[in-house]
Ligand SMILES: CC(C)(COP(=O)(O)OP(=O)(O)OC[C@H]1O[C@@H](n2cnc3c(N)ncnc32)[C@H](O)[C@@H]1OP(=O)(O)O)[C@@H](O)C(=O)NCCC(=O)NCCS
């Protein structure tokens, strides 16, 4: 992959904010409300100081193109978003696979809205397997799982 997956730092705060408020990202998130800057700032500062993996992806000119992070909820859960101009280029599956392996977390789940076909395809291509369905706030999600080998 020509892109670099690197740990997020404070300089990425605005880029992650803008991407998180992209309409396509909000539509495909459980919380669909716009994110406010003050809330983002507090969350982001706490999040980059936690040991849970949080990466950004840069193109070869060191420009921000995506974020991928792993949050410990009931299980380790992955979340990915790519900026608009870099979607539909087959990038997602490569980022998901590389980042998932990089964490070395044994079992990772992805919770994906059932109508998010691009995301489902990308996760399958990255090696995630569908394991169940969940309904949250009247919306159906697929739960997919990935295992890192020892
Ligand atoms: C979901 C997301 C990460 C996918 O990234 P991407 O790089 O655009 O995905 P890809 O280009 O690898 O496309 C994946 C597959 O879906 C297909 N696809 C893309 N858009 C599609 C659509 N609207 N309908 C059907 N298939 C579609 C692609 O052709 C590709 O299929 P292929 O591998 O058979 O060629 C990106 O669209 C994104 O950031 N969306 C907003 C945030 C989001 O939804 N995150 C995921 C939450 S779980």
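Counting neighbouring Cβ atoms within 10 Å and putting the fewest first, the residues 150, 4 line up as 150, 4. Computed from the Cβ-Cβ distance with R0 of 25 Å, the FRET efficiency linking residue 84 to residue 150 stands at 0.05. How would you classify the range 73-141 from its alpha-carbon gyration tensor, with a ≥ b ≥ c the square roots of the eigenvalues: rounded for a/c under 1.5, else prolate if a/b is greater than b/c, otherwise oblate? Here the range 73-141 falls in the oblate category.
Highest GNM mean-square fluctuation among 60, 101, 140, for the chain modelled with Cα contacts below 10 Å: 60. Distance between the pseudo-spin-label points of residue 74 and residue 46 (7 Å out from Cα toward the beta carbon): 2.2 nm.
Each Cα pair under 8 Å and six or more residues apart adds its separation to the average, and for the chain the resulting relative contact order is 19 percent.
All of the numbers you see were taken from the coordinates with simple rules; none came from a lab. Not measured: the values here are computed from a predicted model. Heads up, the Cβs are rebuilt from the backbone with ideal geometry, glycines too, and the neighbour counts pull from every protein chain shown.
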